[in-house]
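To start, the structure itself, in structure tokens.
The values are calculated or read from the model by the stated rules, or taken from the named source; none is laboratory data. All figures in this text were calculated on a predicted structure; none of them were measured in a lab. No Cβ is skipped: glycine too gets one built from the backbone with ideal geometry, and neighbour counts run over all protein chains shown.
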Amino acid sequence: MQMFDTGDVRLHFRVDGPDDGPPVVFANSLGTDMRLWDPVLPLLPKGLRIIRFDKRGHGLSSVPKPPYSMGALVTDCERLLDHLEVRNCVFVGLSIGGMIAQGLAVKRLDMIRALVLSNTAAKIGNPPRWADRIAAVQSGGIESLADAVMERWFSKEFRKTAALELWRNMLVQQADDGYAGCSAAISGTDFYTPTSGLRLPALGIAGTEDGSTPPDLVRETLDLIPGSKFDLIRRAGHLPCVEQPAEYARILTAFLKGVGHV
């Protein structure tokens with residue numbers, strides 16, 4: 001675990017694997033930290049340089065006062081990857097992480113060889129919906145939203161398991177300001193036009209029971225990128241890397257091999 005000062009925020013990050021391995025960057029969802037990827041990483045091919053980070057306001061990163069902009073989140077990631085001398089990575093972004101991925105690919109194509117856009121979209125929700133969520137966090141904290149978030153995140157079957165408590169606890173332990181700040185960033189983002197200009201290998205991953213970014217929304221975004229691929233994971237919600245890690249790793253590994261990254 002390490003910290004990097006971007007000049008605007010201090011980012012908690014972690015690098016696993018050999019320094020000269022093919023880089024794969026993971027960016028997680030709103031309300032989670034880098035541990036989101038723990039179930040999947042042991043199932044990926046050996047020898048990759050795995051880079052994870054907590055976006056501003058989440059995990060062990062610092063928590064500036066909200067609101068945040070998507071441009072700031074993209075710049076945070078850009079500065080971290082420049083610091084780590086990352087070029088030609090495969091970038092795996094889930095939910096808001098997938099929005100960061102799109103923004104970074106548009107801005108710094110030298111950094112990104114291929115995109116995996118998981119449970120995300122070029123535009124998620126609408127400003128009134130996000131304004132309501134921000135107001136709820138500001139008045140009652142993340143705890144006031146937690147049960148509703150669990151319903152959107154996970155399949156009905158998973159919500160019956162004891163493991164649900166792990167992810168609910170992770171959510172409510174995030175900073176209220178961080179959650180509100182990143183919610184504002186999502187609210188203000190519409191990447192339909194810039195993403196439609198991307199020309200690089202891209203894979204979309206969706207969960208059949210995702211209540212936040214339904215499969216059709218994910219597919220619509222991937223259709224903006226010519227030649228992209230799309231995979232649907234059954235019996236999974238918004239975080240298929242948690243509910244179906246073996247299937248998620250299989251799909252991701254096949255994509256990495258397909259683009260010559262392993």
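Can you name the residue in the range 190-242 that is among the charged types (D, E, K, R) and in contact with a strand residue (DSSP E or B) (Cβ under 7 Å, 6 or more places away or on another chain) and, of all such residues, is farthest from residue 32 (Cα to Cα)? Even if it seems obvious, please write down each step before you answer.
Here is the first cut: in the range 190-242, the ones among the charged types (D, E, K, R) are 190, 199, 209-210, 216, 219-220, 223, 229, 231, 234-235.
Narrowing the set further to residues that are in contact with a strand residue (DSSP E or B) (Cβ under 7 Å, 6 or more places away or on another chain) leaves 219, 229, 231.
On the way: 219: 23, 229: 26, 231: 23 Å.
Filtering first and then ranking leaves 229.
Of everything in the range 2-43 that's at positive phi and in contact with a Lys or Arg (Cβ under 9 Å, 6 or more places away or on another chain), which residue is modelled with the lowest pLDDT? Give the derivation first.
Step one: filter the range 2-43 for residues at positive phi, giving 7, 17, 31.
Narrowing further to those that are in contact with a Lys or Arg (Cβ under 9 Å, 6 or more places away or on another chain): 7, 17.
On the way: 7: 93, 17: 98.
Ranking the qualifying residues of the range 2-43, first place goes to 7.
Please verify whether residue 76 is charged (D, E, K, R), closer than 24 Å to residue 248 by Cβ and modelled with pLDDT of 95 or more, treating the condition exactly as stated.
Numbers: charged (D, E, K, R): yes; closer than 24 Å to residue 248 by Cβ: no; modelled with pLDDT of 95 or more: yes.
No.
Could you identify the single residue in 221, 253, 208 that is surrounded by 18 or more Cβ atoms within 10 Å (Cβ to Cβ), polar (S, T, N, Q) and in contact (Cβ under 8 Å) with a residue 24 or more places away in the chain?
On the way: 253 fails: surrounded by 18 or more Cβ atoms within 10 Å (Cβ to Cβ); 208 fails: surrounded by 18 or more Cβ atoms within 10 Å (Cβ to Cβ).
Criteria check complete, one pass: 221.
Conditions tested, residue by residue: (1) in contact with a Pro (Cβ under 8 Å, 6 or more places away or on another chain); (2) surrounded by fewer than 20 Cβ atoms within 10 Å (Cβ to Cβ).
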| site | (1), (2) |
| --- | --- |
| 6 | no, yes |
| 25 | no, no |
| 32 | no, no |
| 43 | yes, yes |
| 47 | yes, yes |
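Would you mention how many residues in the range 24-57 are in contact (Cβ under 8 Å) with a residue 40 or more places away in the chain and farther than 28 Å from residue 153 by Cβ? So that I can check it myself, show each step before the final result.
Our first condition is that a residue be in contact (Cβ under 8 Å) with a residue 40 or more places away in the chain; within the range 24-57, this holds for 24-33, 35-37, 39-40, 43-45, 47-48, 53-57.
Narrowing the set further to residues that are farther than 28 Å from residue 153 by Cβ leaves 47.
Adding up the residues that qualify gives 1.
Looking at residue 88, is it out of contact with any helix residue (DSSP H, G or I) (no Cβ under 6 Å at 6 or more places or on another chain) and closer than 28 Å to residue 236 by Cβ?
Details: out of contact with any helix residue (DSSP H, G or I) (no Cβ under 6 Å at 6 or more places or on another chain): yes; closer than 28 Å to residue 236 by Cβ: no.
No; evaluated as a whole, the condition is false for this residue.
Say whether the condition of being surrounded by fewer than 18 Cβ atoms within 10 Å (Cβ to Cβ), under 30 Å from residue 144 (Cβ atoms) and among the acidic types (Asp, Glu) is met by at least one residue in the range 63-82.
no
With the requirement that a residue be hydrophobic (A, V, I, L, M, F, W, C), outside any strand (DSSP E or B) and surrounded by fewer than 18 Cβ atoms within 10 Å (Cβ to Cβ), what does the range 224-249 give you? I'd like the intermediate steps shown before the answer.
From the range 224-249, those hydrophobic (A, V, I, L, M, F, W, C) are 224-225, 230, 232-233, 236, 239, 241-242, 246, 249; that's our starting set.
Then drop every residue that is not outside any strand (DSSP E or B), which leaves 224-225, 236, 239, 241-242, 246, 249.
Scanning the range 224-249 gives a single hit, 246.
Does residue 56 satisfy being under 24 Å from residue 141 (Cα atoms) and touching a Phe, Trp or Tyr at 6+ places or on another chain (Cβ under 8 Å)? Can you show your working first?
Numbers: under 24 Å from residue 141 (Cα atoms): yes; touching a Phe, Trp or Tyr at 6+ places or on another chain (Cβ under 8 Å): yes.
For residue 56, the condition - under 24 Å from residue 141 (Cα atoms) and touching a Phe, Trp or Tyr at 6+ places or on another chain (Cβ under 8 Å) - is met.
Residues checked against (1) under 18 Å from residue 59 (Cβ atoms); (2) of a type outside the set (A, V, I, L, M):
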| position | (1), (2) |
| --- | --- |
| 146 | yes, no |
| 154 | no, yes |
| 160 | no, yes |
| 167 | yes, yes |
| 182 | yes, yes |
| 197 | no, yes |
| 209 | no, yes |
| 215 | no, yes |
| 219 | no, yes |
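Just name the residue that is farthest from the chain's Cα centre (by Cα) out of those in the range 84-106 that are closer than 20 Å to residue 206 by Cα and outside any helix (DSSP H, G or I).
Going through the qualifying residues, I end up with 90.
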